[in-house]
1. Could you list, in sequence order, all residues of region 1-29 that are of a type in the set (Gly, Ala, Ser) and within 15 Å of the ligand (Cβ to nearest atom)?
2. From the residues in region 56-75 that are within 8 Å of the ligand (Cβ to nearest atom) and part of a strand (DSSP E or B), which one is farthest from Ile104 (Cα to Cα)?
3. Please specify each residue of region 37-55 satisfying the condition of being open to solvent by less than 10 Å² (accessible area, probe 1.4 Å) and in a strand (DSSP E or B).
4. Here is a check on your reading of the model: is Ser181 within 12 Å of the ligand (Cβ to nearest atom) and touching a Gly at 6+ places or on another chain (Cβ under 7 Å)?
5. What are the pairs, 6+ residues apart or on separate chains, where a residue within region 97-118 that is more than 30 Å from Phe64 (Cβ to Cβ) has its Cβ under 8 Å from a residue that is away from the ligand (no atom under 14 Å from the Cβ) and small (Gly, Ala, Ser)?
6. Kindly list, by first and then second residue, each pair from a residue in region 264-280 that is aromatic (Phe, Trp, Tyr) to a residue that is open to solvent by 70 Å² or more (accessible area, probe 1.4 Å), limited to pairs with Cβ atoms under 7 Å and residues at least 6 apart or on different chains.
7. Scan region 148-169 and give yes if some residue there is in contact with an Asp or Glu (Cβ under 6 Å, 6 or more places away or on another chain), over 30 Å from Asp60 (Cα atoms) and either assigned by TED's automatic domain parsing to the domain that holds Met93 or within 16 Å of the ligand (Cβ to nearest atom) (or both), otherwise no.
8. Here is a list: Val221, Val204. Which entry is more than 10 Å from the ligand (Cβ to nearest atom), over 21 Å from Ile104 (Cβ atoms) and at pLDDT 95 or above?
Amino acid sequence: MTKLDPWGDVEVTDYEATMEQFGIEPIEEVVDRLPDNRLVRRGLVFGHRDLDTVLDARDDGEPFAVMTGIMPSGVFHFGHRTVVEQILLFQEMGAEVTLCAADIESYATRDVSLEEARELVVEEYLLNYVALGLDLDATDFYFQSGAGNDHHVRSKLFARHVTQNEFEATYGSADPGKLVSALTQYADILRPQSPDRVGPKPTVVPVGIDQDPHVRLTRDVAARYRDAGYVKPASTYHRFMRGLQGGKMSSSDPKSHIALTDSVADAKRKIDEAKTGGRVSVEEHRREGGNVEEDMVFELLAYHLVEHDDELDRIREEYESGEMLSGELKQIGKERLETFLRDHQRRREEARPKVEAYLDEHTAVGASN
Ligand code: TRP
């Protein structure tokens, strides 16, 4: 049995069993209705709840939304990119985009001040999101602490529709910081359906599976809070990339990830030090071939750096046959990474004036509003 604690360490070893345990549907069911996309093709996005509601709205020309949130706590690395790509995917399909910076949550559960949170949100999230293609002008971006009175009133009214038992069974605790963060997150998830956003509409929430407890309870609250007529929110789930050394990828361990702001030299060094699926000697490697399943460089290529399937297949075949050595695979990784990072970091700087202007105009933070 997998335990999903949105504030704790979640390690999923068996995605299929976890999906079954929590009633998450396989993405394959709806693949034919989605645009062709690397994340879906490579199994990076593996599951969903109720995505049909969103796809039906798209087919019928009705409004639908994509909404997700980020807790400002550390650097933005490749493991975070998947969520941005999903936002872009749904945006291209015609979704209204809502993006929340969870500064109340990071204050209440992580000891991050609102000022630190704002700084992290700009440097680590917004600049990277815009550099990756998010259209801020077409996005309802907000900080929880500046979300406005109606938002926070809703989050409090939701309290009536969850019991302490459900809360403890779902989160394993009813600590006040968690309680406040959870209720705020339900309001976040339902925000695209609020009266000032012209009411109920199908909404998809792309998240890591650790956030599924919030999705489940929001769906219950949405059904119980009858007056509003909410559509139960849908969700999609992506796999966690493994760390470069094997094991978990974590924001707080620089060796485990490549940040999108890492220098090219640092990034290359991390590739050099990454865990590979190569054999102990060249002779053995030529004979047995490399193991792509256990190769973190291959994982990075497959998840992020090789777009075309035939090219990835060629790399896999050469590696598995023993023709390509780990050092050669790493070389491909380093070259791709260098191109990606140089391009990305240039876009980041181009995005800066835009992000700053947007924040000045649109968002408030803190307890004064
Ligand atoms: N709890 C999320 C995290 O830890 C952040 C978050 C806040 C969120 N509100 C949300 C995620 C709404 C999805 C939808 O990263």
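The values are calculated or read from the model by the stated rules, or taken from the named source; none is laboratory data. Because the structure is predicted, anything quoted here is derived from the model rather than measured. Neighbour counts run over all protein chains shown; Cβ positions are idealised from the backbone, glycine included. What goes into the accessible areas is simple: the full protein's heavy atoms, side chains included, and nothing from ligands, DNA or RNA. Shrake-Rupley method; radii C 1.70, N 1.55, O 1.52, S 1.80 Å.
1. From region 1-29, those of a type in the set (Gly, Ala, Ser) are 8, 17, 23; that's our starting set.
Within region 1-29, Gly8 is the sole residue that qualifies.
2. Here the answer is Met67.
3. Result: Val45, Gly47, His48.
4. no
5. If the second residue must be away from the ligand (no atom under 14 Å from the Cβ) and small (Gly, Ala, Ser), the pairs left are Tyr107/Ser113; Leu114/Gly366.
6. Once the first residue is aromatic (Phe, Trp, Tyr) and sits in region 264-280, no partner that is open to solvent by 70 Å² or more (accessible area, probe 1.4 Å) comes close enough.
7. First, pick out the residues of region 148-169 that are in contact with an Asp or Glu (Cβ under 6 Å, 6 or more places away or on another chain): none.
The answer is no; no qualifying residue exists.
8. Going through Val221, Val204 in turn, just one is more than 10 Å from the ligand (Cβ to nearest atom), over 21 Å from Ile104 (Cβ atoms) and at pLDDT 95 or above: Val204.
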